[in-house]
Amino acid sequence: MNTDDAGSITATVAGQVSLQRLSLVDFRCYRSLRLEADARPVILTGPNGAGKTNILEALSFLVPGRGLRSSRLNEVARSEPADLPTTSRIWAVAADLKTPRGPVSIGTGRDDQGGGFREKRHVRIDGAPVRSQSALADHLSAQWLIPQMDRLFVEGPSARRRFLDRLVFGFDAAHAGRVSAYEHALRERSRLLRHGQPDSGRPADPEWLGALEATMASRGVAVCAARLNLAARLGEFAALGGAFPGVSIAVDGDVERWLGQGPALQAEDRFRDALAASRRSETENSHAGLGPHRSDLIVHHLGTGQVAALCSTGEQKALLIALILANARLQAAERGSLPLLLLDEVTAHLDETRREALFMEILELGIQAWMTGTDTALFEPLAKSAQFFSVENAAVTPNGS
């Protein structure tokens, strides 16, 4: 890090990825927006409902997936009171990035081919269309914390699986395809078991079920192996602790246990055999009883030994931040690049000591973190080290203070 004569702290990190320009068209509350930034952290402050979180959501669409709110593509399009129910505007998000490999421009939006509410994204890299949104992961990784995640450790495991899968995506873009293929085969198998052959009413074809179960076994074991591998690597960084607690992480599930007992091919055989043996029972309850869609992320506070679900709200927030920061350090070590951090109302449930520790960690790592809040004073330790913008009524203006 460098300290200039005005006392400001700036990080110089070879692996830094920073957004230099963000452009929005018909995204959420923004008819259009053009925001210029540099490599420093970005602070967005303003009243509730001003449009701060919408900017973070737009940034989250610059990586594969459905964004930080898990929204459908037509749901993020700007709407007005006079719009008809069938109105679905064509929205777009674009950014100019500075990366360790040089500058790159990326963009995405809803594809209007076929009309209506077609759920397909178009993606461009340096102005050229690409076939899959997974290409975005070659240039940008992003992780986020939003207020809805404050209950990540106390609600059902599905949100924890999504959180873990997003961490895996940052290292292995193909993981998204494996998860998608597994979930598609899972849905098709469940539909066949419930309703039989399409348009015939006959029971499901055993060969068809067998093919779907083979796909579930191969893709599912690969998904579980990737989760386990990431958890082991991330755990080494997460255990270090500091201002935020040391964290232990594990992935629990039948397939994960099989992978711990033998080779992946053996786990595939066991999974495929278990699926075939459970067809009769699943015809009645409509849910596959095992597989990566049932796995759970288990997190413990190393300082107290307590499972995360039993920690206080403040400690749960600290555990989440510790995992996000550990993931950034792991990406820097393994990929030579850093993710964007999108931190919505991150100062909630953090005392002054931990707020300042978070800010210092961001600066020391050299991450371009985008943070929101209603009170500018909470970000006072970053006054000389970050760039501040005021957001009000979907208008964004630089704040020199």
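The values are calculated or read from the model by the stated rules, or taken from the named source; none is laboratory data. All figures in this text were calculated on a predicted structure; none of them were measured in a lab. Neighbour counts are summed over all protein chains in view; Cβ atoms, including those assigned to glycine, are modelled from backbone coordinates with ideal geometry.
In the condition set (1) closer than 23 Å to residue 197 by Cβ; (2) part of a helix (DSSP H, G or I), residue 287 is compliant with all but (2).
Among residues of region 342-363 that are crowded, with 16+ Cβ neighbours inside 10 Å and part of a helix (DSSP H, G or I), those with a beta-carbon under 6 Å from a residue that is modelled with pLDDT of 95 or more and aliphatic (A, V, I, L, M) at least six positions away or on a different chain give the pairs 359/382; 361/325; 362/369. The single condition from (1) at pLDDT 95 or above; (2) surrounded by fewer than 20 Cβ atoms within 10 Å (Cβ to Cβ) that residue 201 fails is (1). Here is the figure for region 360-393: residues that are out of contact with any Leu (no Cβ under 7 Å at 6 or more places or on another chain), farther than 26 Å from residue 34 by Cβ and not small (Gly, Ala, Ser) total 7.
Listed by first and then second residue, the pairs linking a residue in region 220-240 that is within 9 Å of residue 326 (Cβ to Cβ) to a residue that is among the charged types (D, E, K, R) and in a helix (DSSP H, G or I), with Cβ atoms under 7 Å apart and 6 or more places separating them unless they lie on different chains, are 237/329. Look at region 71-88 and say how many of its residues are in contact with a helix residue (DSSP H, G or I) (Cβ under 8 Å, 6 or more places away or on another chain), modelled with pLDDT of 90 or more and either within 23 Å of residue 138 (Cα to Cα) or part of a loop (DSSP other than H, G, I, E, B) (or both). The qualifying residues number 1.
Conditions tested, residue by residue: (1) within 23 Å of residue 298 (Cα to Cα); (2) modelled with pLDDT of 95 or more; (3) touching a His at 6+ places or on another chain (Cβ under 9 Å); (4) not in a helix (DSSP H, G or I).
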| residue | (1), (2), (3), (4) |
| --- | --- |
| 134 | no, no, no, no |
| 150 | yes, no, yes, no |
| 153 | yes, yes, no, yes |
| 166 | yes, no, no, no |
| 176 | yes, no, no, no |
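Under the condition of being part of a loop (DSSP other than H, G, I, E, B) and of a type in the set (S, T, N, Q), the residues counted in region 23-64 number 1. In this structure, is residue 264 surrounded by fewer than 20 Cβ atoms within 10 Å (Cβ to Cβ) and either within 30 Å of residue 202 (Cα to Cα) or modelled with pLDDT under 95 (or both)? It is false that residue 264 is surrounded by fewer than 20 Cβ atoms within 10 Å (Cβ to Cβ) and either within 30 Å of residue 202 (Cα to Cα) or modelled with pLDDT under 95 (or both).
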